[in-house]
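Shown next, in structure tokens, is the structure this report addresses.
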Amino acid sequence: MRKEHWALLSLALNIFQALIKLVGGLLTGSLSLIGDAVHSLSDALASLIAFLSIKFSEVKNERFPYGLYKLENIGAIVISFFLLFTAWEIANRALKGEIEINYEYLPVGIGITVVSLVSSLTLSFLERRAGKKLNSPTLIADSYHTLTDAFSSFLVLVSLASYYFGVNIERYVALAIALVITFTALQLLKEQVGAILDISADKETIEKIKKIILSFPEVSEVKRLLVRSAGGKLFIDAVITINTDDFVKSHRIADEIEKRITEEIPNVEMVFIHYEPCCVREKTSVAILTNDGKVARTFSDTKSILIFKEGEGNPVVVKMEGKSEECIAKELVRQGVDIVISGYHPKSNRAKWILHKSKVFVWETEKENPYEALAEVSQIKEKVS
């Protein structure tokens with residue numbers, strides 16, 4: 001099943017449980033069972049939030065070209081607050097609640113509680129497994145919330161069964177469960193806030209990606225590798241050095257690396273491989289982004305572009321002050337530039353993609369003098385020749 005189907009199944013089960021618990025609570029007079037019915041209604045609301053966040057996380061349009069994938073993390077955060085509310089509700093009931101049972105309908109209440117307990121445990125297990133398989137933080141969060149319903153049902157079951165033995169341990173069990181739920185909610189909240197803030201992927205995943213890149217014999221160095229995790233998806237940004245002076249071959253190698261990464265690493269949403277040559281071919285057109293006579297540290301700082309073409313004298317100067325990174329990238333492509341020298345790659349994913357698909361190298365430099373930066377490229381050409 002798809003992610004939204006699991007969320008709908010959870011919603012339907014929680015509504016069903018809320019109804020039968022309410023009936024059982026009214027028949028037995030159990031405030032605990034009636035309170036559990038209210039808890040199931042809160043579960044249903046959480047499941048509805050999970051469904052809506054999953055559904056809208058797949059939406060992509062011009063304003064949100066990468067989709068609303070972070071809605072899943074937001075949905076998981078909302079659910080974590082429901083978990084905290086549930087913990088407070090159970091603890092409050094344990095400390096203050098009193099239960100008066102109608103013994104005539106006690107077996108009915110126990111039967112309903114057992115059905116709720118078994119169904120909640122089953123759904124929680126299946127939903128969590130599906131969440132891990134589909135890499136959905138919202139489904140995983142909702143599975144934990146469903147598990148709290150199982151705990152709550154167990155609490156009610158202990159409370160009802162204890163009347164047959166003249167013992168009531170409900171308060172102590174409830175407080176222990178409330179602590180477990182609170183810990184779960186805080187851990188979940190920590191993970192999802194990290195995802196919202198674009199936390200880096202785990203070290204194991206980063207190392208695996210690096211090994212894939214270096215498995216290509218043409219790659220001599222991984223200069224930078226950034227992998228962020230958000231909404232159950234991975235976004236990869238790498239700068240590598242390739243042992244060739246053939247731009248077409250370099251582009252093909254980069255495409256093959258991207259394909260290999262998406263095949264071997266699950267849930268990769270986007271891969272940007274920025275490749276730099278270890279050698280430069282003849283007849284190269286080089287552009288230097290400048291700001292007040294110095295090499296621009298970023299694309300957004302650019303006020304003008306100096307374009308040097310093989311066999312020509314003075315550079316062509318193109319004014320770009322106030323232009324966006326996307327506009328600068330488009331101008332570089334329009335000018336037929338092979339290499340662009342700047343302090344850093346563009347921040348805009350759109351600008352990166354424009355340069356990438358047009359096989360334009362971005363050469364990062366720490367030099368401030370444009371001609372010293374240009375000499376770096378020239379020195380490599382001299383080594384090759």
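Would you check if there is a residue in region 169-180 being at pLDDT below 80, assigned by TED's automatic domain parsing to the domain that holds residue 89, farther than 22 Å from residue 8 by Cα and aromatic (Phe, Trp, Tyr)? Within region 169-180, one or more residues are at pLDDT below 80, assigned by TED's automatic domain parsing to the domain that holds residue 89, farther than 22 Å from residue 8 by Cα and aromatic (Phe, Trp, Tyr).
The set of residues in region 265-296 that are modelled with pLDDT of 75 or more and within 28 Å of the chain's Cα centre (by Cα) comprises 265, 268, 269, 270, 271, 272, 273, 274, 275. Considering only region 346-375, how many residues are more than 12 Å from residue 274 (Cα to Cα) and among the aromatic types (Phe, Trp, Tyr)? Within region 346-375, residues that are more than 12 Å from residue 274 (Cα to Cα) and among the aromatic types (Phe, Trp, Tyr) number 1. Taking region 89-118 as the search range and keeping residues that are surrounded by fewer than 18 Cβ atoms within 10 Å (Cβ to Cβ) and at pLDDT 85 or above, which one is nearest to the chain's Cα centre (by Cα)? Looking at residues that are surrounded by fewer than 18 Cβ atoms within 10 Å (Cβ to Cβ) and at pLDDT 85 or above, I get 118.
The values are calculated or read from the model by the stated rules, or taken from the named source; none is laboratory data. Computed from a predicted structure; not experimentally measured. FYI the Cβ positions are ideal-geometry reconstructions off the backbone, even for glycines, and counts take in every protein chain you see.
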